[in-house]
Amino acid sequence: MRKTISILSIFLMTFVLFTIAILAEEKDETKVTGKIVSGAQDIKVDAKSSKFFEYRDVPMGFTFGVFNVSIEKGNRYLNFNLSNLRQKDGRYNLNFGEYGKFDVNFLWDKTPHRFSFDGKTLYVGREEGGVYFYNLSDQVQLSAQSAQNITETRKLISNFLTGAHEIGLELIRNKGVLDIKFSPSVPLTLRVNAKRETRNGTRPFGASFGFNHVVEVPEPIDYKTTNLDFNAEYSKKWGTILAGFSYSNFENNLQTLVWDNPFRLTDNPAGSYINGDSSAFGRLALSPSNSANQFYFKGSFKPLKNTRINGSISFGTFNQDEKLLPYTINTVLTTYYSGALSSPRDTAKAKADITSIDLTLNTRIIKNLYLNAGFNSYDFKNKTEELNLPGYTRFDQAWEPAVSVEPYSFKRSKYYGDLTFNFLKSTSLKFGFSSSSIERELGEEDEGKTEETLYHASIDSNPTDWLLLRLSYLNSSREWSLDDVKKIYPTFNFKRYHEASRDREGLNLLVSISPLSNLDLSASYMQGKDDYKKSDYGLRNQDFSNYSFDLSYSLKNGSSFYAFYSNEVYKGNQRSRQSGATYSTDPRDDWSAELKDKIDSYGAGINAVVKKDKINLDLSYIYSKADGTSFLESPPGRTAGPDLAVNFTKKIDATTLQSIRAKLLWKIQPRVAMAIGYWYEQYDLEDITRNDLKVDMLLTGMAIYLGALEPSYKYHVGFVKFIYSF
Amino acid sequence: MSKRKFLLLISFFFASAILLFFPFLLTPGKASAQGEYAGIEQCAMCHEDLVKSFKDSIHGKKGFELRSDKACETCHGPALAHVEAGGDKTKIKSVKALSSEEKSDICLQCHERGRQMLWNGGVHESRGLSCLTCHSVHNPKAEKSQLISKEPELCFNCHKKNKAQILRASHHPIREGKMNCSDCHNPHGTQTEKLISANSITEKCYECHTEKRGPFLWEHVPVREDCSNCHDPHGSNHQKMLNAKMPFLCQRCHSDTRHPGTIYDQTQIVSNRLFNRSCTNCHSTIHGSNHPSGKTFLR
């Protein structure tokens, strides 16, 4: 609240000062325009959920929705825009300047992100010196530790979980942006952009102790991000050059999370990492503070009227050098490695150099024939110092063999060329080719190279006012250099889709016609297919298709009507093999999954002029239903687990969103209007993994969750607004 | 040198040769507009409302005057002949009748800088769009940038799939008015794929999700390369805008011994490897870990 008042005060002072400066100009008329919208709102809840308020506030009672004022005098201007005053999604924007000389823009924006109203936990949190602790009552831990066996332990903890307290699970982004543009002369522009954002709150976060001991806690978020950008641009008839520097700093005031193990009060020498009953605590490294900087230079040159040579180059670094935590918090693990409670080195020493180069030539070769060719390269060179570790711990429960930290680097390159031929009236035909590659390195090891050649063609035609046609097609083939060399898993041909060899095809068609001057119709169709031709296992293919129709119709009296429909289908087929302690060699252990998402969306709306310049009626309806399904298959005779895959009896996830809105606007007087309206929004969620979520799932799922439901909702909102324009 | 590279080099050489050694193939640029200028007051004699709205708009301000003293005729060309002929439409440039390139050339006289620097050769330009496809000098409908309609509806005129995607359960706050398409994309042209206004997709995501930037002690390879390996930023019906539901998404890359390769079916519906956050119930630092024991992103 105090911060909001401070920010508003700064706005107000700046507003007053600059208003005086504008009005002090003796010549030129002062133009002041603006709008104030305030009113009242009521909400009726049929089914409550945080999802309705995910990124917005919908308040009850008095609302101050909008305050805009624009002052113009001669060449000076000032705009102040405020929306959603005193709400957590408020936005305040102050913009002033002199045309052709300078512009200053200051934005203060708040965005909530709400995860659940239903979260509950036994943990009590506190912060101390950059470490966040989640503690449980010793009684819980001692009772669990003293239990005879794991089943009894779970039952005991279940009893305690009935006393879990509510916890808010949301975070708020507060962002302030200052953008200053100064043009001392027409060709020269100097620009400064500064952004400061804080993010505070909590969100659900896994903090588990073992395969059979999953714990979820609220992750504490206390972030600050500062971004600065300075650049200078010089633009003349021969081209434009721009040089700049940007700096970004991310601070996380909470680097470490430590939480109690419900199963243990003291570390257990005989514990098992399966059951997670070895350590009394867990300790985890939260997102490390980091910084980035970049020098960049861009140029666009016009050697000839219809020729452009564009280039850009940037050098940047990412840095992260936070203190490293010890290997573990579990004192018992020193019996496996005496240094288990120490850190492998003081700090992370993580760094990456990033170089980006782009060069493009765009020219008209002959009349109606254009060439666009170029090259770009993005090189991410990870300079993190390698680290050879004598071992590491799993879940803080068990010591694992030696391992090395190897920095991952990659370099992306692309050469491309397009020829565009304009023929007939407003019709162009384009053919293009590109050759791209990604080279990967993990430490000293070459992780292979993927090379992709892509061909694409498109035709765009707008021969008359009433017809528009766009058609494009692409075909690409990607190969991985280690296809027949490197085995991800030793006993079956598994490939990872981000690097695997792949054939890709895509088609995109859009047709718009306007058979009447006030009627527009459009239809579009898109299709894409990826075939991972050399992947017997992993993602094998995926495709999508989408078709849509749109209509808009306007009447002579100014009324208009629109409607749309869209259908999308996404499918993915993947295959894997279930293994026990060693990799299975038996194809009977294979399984496959075909996932399919089908989405139907449609809507319509009407803006009706009931009485010209007096009464308007807006009505709209939107509906979107997404169904996620799966089909699982496995051959009979599996060596581990049930014989055949048992398909889910319900859709794996399905969501429906519907919204109806109605608003009647009555212009009482030229400057005064009143709006009365209603909107209804309904969201339904069917998710086999979330609908039945509870805090205590120890006996069924061996987990303690936050119970962070985002259930279905139904909200009715009625409002009345008064609008004053000046 | 591989055959492919050789062919590329030859193609590039050929294209350069056409440019450099056959200048007679290059059509000389059109001569600057011929004719005499009438002045804005003459325009106002017949087009009073248009001139008034022009003067009230940003184009009617000092910034425009610094670049041109021709007002309406900067874009419409010399109008004296049109005035003297009593408003004969054939005596003046009709913007509507121009090709896309010619329409854009008018605007690019002043606006080929900043975010518009790479318009020529960009995806939208090469597909036949012009500045006037999205902007209107005389009749803008949006408050900012003289757009013919507000974002994101303007973009959805062509990008239908994305129009449906923002309605998904897991989405960026576009329909709440907190973000727009232009927060991530520069429709005027960039040298990055998908018109992303950053050097790469990941660098664009890091602008708001800076906690994912690292670098981390333990990197997750597909995460570092491209966020869209796992996420669909336009919207998804799966949690966290994932491309597919966990654990299936993760099992597209992981099929190690024991649990990553296990099939999770109806019999394991409440298993903590499937239920709630699935893999990330345990592997919570999935974007990268700075913990010495963070090899498998458990810590």
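Among the residues that make up region A:196-219, is at least one of them of a type outside the set (Ser, Thr, Tyr), modelled with pLDDT under 95 and closer than 30 Å to A:Lys302 by Cα? Among the residues of region A:196-219, not one is of a type outside the set (Ser, Thr, Tyr), modelled with pLDDT under 95 and closer than 30 Å to A:Lys302 by Cα, which makes the answer no.
For (1) among the basic types (Lys, Arg); (2) open to solvent by less than 30 Å² (accessible area, probe 1.4 Å); (3) more than 24 Å from B:Arg277 (Cβ to Cβ), each residue gets a yes or a no:
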{"site": "A:Leu632", "(1), (2), (3)": "no, yes, no"}
{"site": "A:Pro635", "(1), (2), (3)": "no, no, yes"}
{"site": "A:Glu681", "(1), (2), (3)": "no, yes, yes"}
{"site": "A:Leu685", "(1), (2), (3)": "no, yes, no"}
{"site": "A:Asp696", "(1), (2), (3)": "no, no, no"}
{"site": "A:Leu706", "(1), (2), (3)": "no, yes, no"}
{"site": "A:Glu710", "(1), (2), (3)": "no, no, no"}
{"site": "A:Tyr713", "(1), (2), (3)": "no, yes, no"}
{"site": "A:Phe722", "(1), (2), (3)": "no, no, yes"}
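Just to be sure, is A:Ala373 of a type in the set (Gly, Ala, Ser) and at pLDDT below 95? Break it down into steps so the answer makes sense when it comes.
Working: of a type in the set (Gly, Ala, Ser): yes; at pLDDT below 95: no.
Answer is no for this residue.
Of all residues in region A:31-82, those satisfying the criterion of being more than 24 Å from A:Asp684 (Cβ to Cβ) and among the aliphatic types (A, V, I, L, M) are A:Val32, A:Ile36, A:Val37, A:Ala40, A:Val66, A:Val69, A:Ile71, A:Leu78, A:Leu82.
Please specify each residue of region B:185-196 satisfying the condition of being touching a Ser or Thr at 6+ places or on another chain (Cβ under 8 Å) and open to solvent by 40 Å² or more (accessible area, probe 1.4 Å). Selection gives B:His185 alone.
Tallying residues that are open to solvent by 20 Å² or more (accessible area, probe 1.4 Å), within 30 Å of A:Tyr621 (Cβ to Cβ) and polar (S, T, N, Q) within region A:550-575 yields 4.
Those strands (runs of 3 or more DSSP E) of region A:73-175 in which 1 or more residues are basic (Lys, Arg) and farther than 24 Å from A:Thr202 by Cα occupy A:76-83. Residues in region A:535-549 that are more than 26 Å from the chain's Cα centre (by Cα) and surrounded by fewer than 18 Cβ atoms within 10 Å (Cβ to Cβ) were compared, and the one that is nearest to A:Leu469 (Cα to Cα) is A:Phe549.
Let's see how each residue does on (1) in a loop (DSSP other than H, G, I, E, B); (2) out of contact with any strand residue (DSSP E or B) (no Cβ under 7 Å at 6 or more places or on another chain); (3) within 23 Å of A:Ala626 (Cα to Cα):
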site: B:Ala142; (1), (2), (3): yes, yes, no
site: B:Gly177; (1), (2), (3): yes, yes, yes
site: B:Thr190; (1), (2), (3): yes, no, no
site: B:Asn199; (1), (2), (3): yes, no, no
site: B:Glu203; (1), (2), (3): no, yes, no
site: B:Cys208; (1), (2), (3): yes, yes, no
site: B:Gly214; (1), (2), (3): yes, no, no
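Does A:Asp138 count as surrounded by fewer than 21 Cβ atoms within 10 Å (Cβ to Cβ) and within 14 Å of chain B (Cβ to nearest Cβ)? Taking the combined requirement at face value, the residue does not satisfy it. Filtering A:Val32, A:Val69, A:Val58 for residues that are touching a helix residue (DSSP H, G or I) at 6+ places or on another chain (Cβ under 9 Å) and part of a strand (DSSP E or B) leaves a single hit, A:Val69.
Are there strands (runs of 3 or more DSSP E) fully within region A:356-474 with at least 3 residues that are farther than 30 Å from A:Lys487 by Cβ and more than 28 Å from the chain's Cα centre (by Cα)? List them.
Working: elements: A:369-382, A:387-389, A:392-394, A:398-400, A:403-405, A:408-423, A:427-442, A:445-464.
In region A:356-474, the matching strands (runs of 3 or more DSSP E) lie at A:369-382, A:408-423, A:427-442, A:445-464.
For region A:96-125, filtering for residues that are open to solvent by 50 Å² or more (accessible area, probe 1.4 Å) and either acidic (Asp, Glu) or over 29 Å from the mean Cα position of the chain (by Cα) (or both) leaves 4.
Would you point out which residue out of B:Asn180, B:Asn157, B:Asn162 is within 9 Å of chain A (Cβ to nearest Cβ) and either surrounded by fewer than 19 Cβ atoms within 10 Å (Cβ to Cβ) or out of contact with any Ser or Thr (no Cβ under 6 Å at 6 or more places or on another chain) (or both)? Even if it seems obvious, please write down each step before you answer.
Details: B:Asn180 fails: within 9 Å of chain A (Cβ to nearest Cβ); B:Asn162 fails: within 9 Å of chain A (Cβ to nearest Cβ).
It is B:Asn157.
Counting the residues of region A:299-325 that are surrounded by fewer than 18 Cβ atoms within 10 Å (Cβ to Cβ) and either of a type in the set (Gly, Ala, Ser) or in a loop (DSSP other than H, G, I, E, B) (or both) gives 3. Looking across region A:202-218, just one residue is touching a Ser or Thr at 6+ places or on another chain (Cβ under 6 Å) and open to solvent by 10 Å² or more (accessible area, probe 1.4 Å), and that is A:Phe205.
Considering only region A:247-298, state which residues are more than 10 Å from chain B (Cβ to nearest Cβ) and assigned to a strand (DSSP E or B). A:Tyr247, A:Val258, A:Trp259, A:Asp260, A:Phe281, A:Asn293, A:Phe295, A:Phe297 - these are the residues of region A:247-298 that are more than 10 Å from chain B (Cβ to nearest Cβ) and assigned to a strand (DSSP E or B). Considering (1) outside any loop (DSSP other than H, G, I, E, B); (2) at pLDDT 95 or above, the lone condition that B:His172 does not fulfil carries the number (1). Name the residue that is surrounded by the most Cβ atoms within 10 Å (Cβ to Cβ), counting only residues in region B:254-267 that are of a type outside the set (D, E, K, R) and in contact with a strand residue (DSSP E or B) (Cβ under 7 Å, 6 or more places away or on another chain). Per the stated criteria, the residue is B:Ile263. Residues in region A:418-425 include at least one that is hydroxyl-bearing (Ser, Thr, Tyr) and either at the interface with chain B (Cβ under 8 Å from one of its Cβ atoms) or out of contact with any Asp or Glu (no Cβ under 6 Å at 6 or more places or on another chain) (or both).
Pick from region B:108-135 the residues that are assigned to a loop (DSSP other than H, G, I, E, B) and over 28 Å from A:Phe423 (Cβ atoms): which of them is most open to solvent (accessible area, probe 1.4 Å)?
B:Arg113
Being out of contact with any Lys or Arg (no Cβ under 6 Å at 6 or more places or on another chain), open to solvent by 40 Å² or more (accessible area, probe 1.4 Å), modelled with pLDDT of 95 or more and assigned to a strand (DSSP E or B), is that true of even one residue in region A:480-502? Among the residues of region A:480-502, not one is out of contact with any Lys or Arg (no Cβ under 6 Å at 6 or more places or on another chain), open to solvent by 40 Å² or more (accessible area, probe 1.4 Å), modelled with pLDDT of 95 or more and assigned to a strand (DSSP E or B), which makes the answer no.
Restricting the search to region A:326-355, which residues are among the β-branched types (Val, Ile, Thr) and outside any helix (DSSP H, G or I)? Residues satisfying the conditions are A:Thr328, A:Ile329, A:Thr347, A:Ile354, A:Thr355. Scanning region B:224-237 for residues that are at the interface with another protein chain (Cβ under 10 Å from one of its Cβ atoms) and under 13 Å from B:His172 (Cα atoms), we see that the one that is farthest from the chain's Cα centre (by Cα) is B:Asn237. In region A:516-529, the residues that are within 13 Å of chain B (Cβ to nearest Cβ) and on the phi < 0 side of the Ramachandran plot reach residues that are open to solvent by 80 Å² or more (accessible area, probe 1.4 Å) and assigned to a strand (DSSP E or B) with C-beta atoms within less than 6 angstrom, at least six apart or across chains, in these pairs: A:Ala523/A:Phe549; A:Tyr525/A:Tyr547.
The one condition from (1) facing chain B (nearest Cβ under 10 Å); (2) crowded, with 18+ Cβ neighbours inside 10 Å; (3) without any contact (Cβ under 8 Å) to a residue 60 or more places away in the chain that A:Gly701 does not meet is (3).
The values are calculated or read from the model by the stated rules, or taken from the named source; none is laboratory data. Small disclaimer: the values here were computed from a predicted structure and weren't measured. Positions of Cβ are backbone-derived with ideal geometry, glycine not excepted, and every protein chain shown enters the neighbour counts. Calculation scope for accessible area: heavy atoms of the full protein, side chains included, ligands and nucleic acids excluded. Shrake-Rupley method; radii C 1.70, N 1.55, O 1.52, S 1.80 Å.
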